[in-house]
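Student: One structure is given below, represented as structure tokens, and several questions about it will come after.
Every read-out reported here was derived from the displayed coordinates using simple, explicitly stated rules and does not represent laboratory data. Bear in mind that the values here come from a model prediction, so they are computed numbers and not experimental data. When we count neighbours, we look across all protein chains shown, and the Cβ atoms used for this are built from the backbone with ideal geometry, even at glycine.
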Amino acid sequence: MAVHYINPSNPRTNYNLKPDTRITTFNKSELNLILSIYGKNVAQGIWKDYAIDHTRDNAVFSIYRNTFEKAFLSIKKNSAKIKRQKKYILYDAYQSKIKDADVLADIINQLKNKKIRVV
């Protein structure tokens, strides 16, 4: 597994773009939190694959139980432009909101404390 971080010293990164063309991304500490719980569940054989999507308004870390299914869980990070929503939202496979929080650690604790299963 390879993780590529945005390098602020590289002139082609998100930091040097105009504000209207910037995309929302997960930073290094956020990815470390997410990948730590992801790695534990992969080691137990519960989760199999993941995908990361970035848009201007949000970034989504999708977790799959099988490569050929739709995402089992999704962690969505909203941009700072969206004021009414919490910064992080955890969704299930049917895009129903499980938990929302302003701190990513609350979402990770939800994944640690509760075994989420699709019925």
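Student: List, in the order given, every pair from LYS28/LYS112; LYS40/LYS99; LYS48/LYS87; LYS48/LYS97 whose Cα-Cα distance in the structure shown is over 24 Å.
Tutor: Where the Cα-Cα span goes over 24 Å, the pairs concerned are LYS48/LYS87.
Student: Next question. In nm, to one decimal, how far is the ASP100 label point from the GLU69 one, both placed 7 Å along Cα→Cβ?
Tutor: Distance between label points: 2.6 nm.
Student: By how many nm would the segment from ALA93 to THR55 lengthen if fully extended, with 0.36 nm per residue of separation less the alpha-carbon distance? Numbers along the way, then the final one.
Tutor: Working: separation 38, 0.36 × 38 = 13.68 nm, distance 2.00 nm.
Full extension from ALA93 to THR55 adds 11.7 nm.
Student: Using a simple spin-label model with points 7 Å from Cα along the Cα→Cβ vector, what separation in nm is obtained for LYS86 and LEU35?
Tutor: Calculated label separation equals 2.5 nm.
Student: Classify segment 24-113 as rounded, prolate or oblate from the Cα gyration tensor: take a ≥ b ≥ c as the square roots of its eigenvalues, call it rounded if a/c is under 1.5, otherwise prolate when a/b beats b/c and oblate if not.
Tutor: It comes out prolate by the Cα gyration axes.
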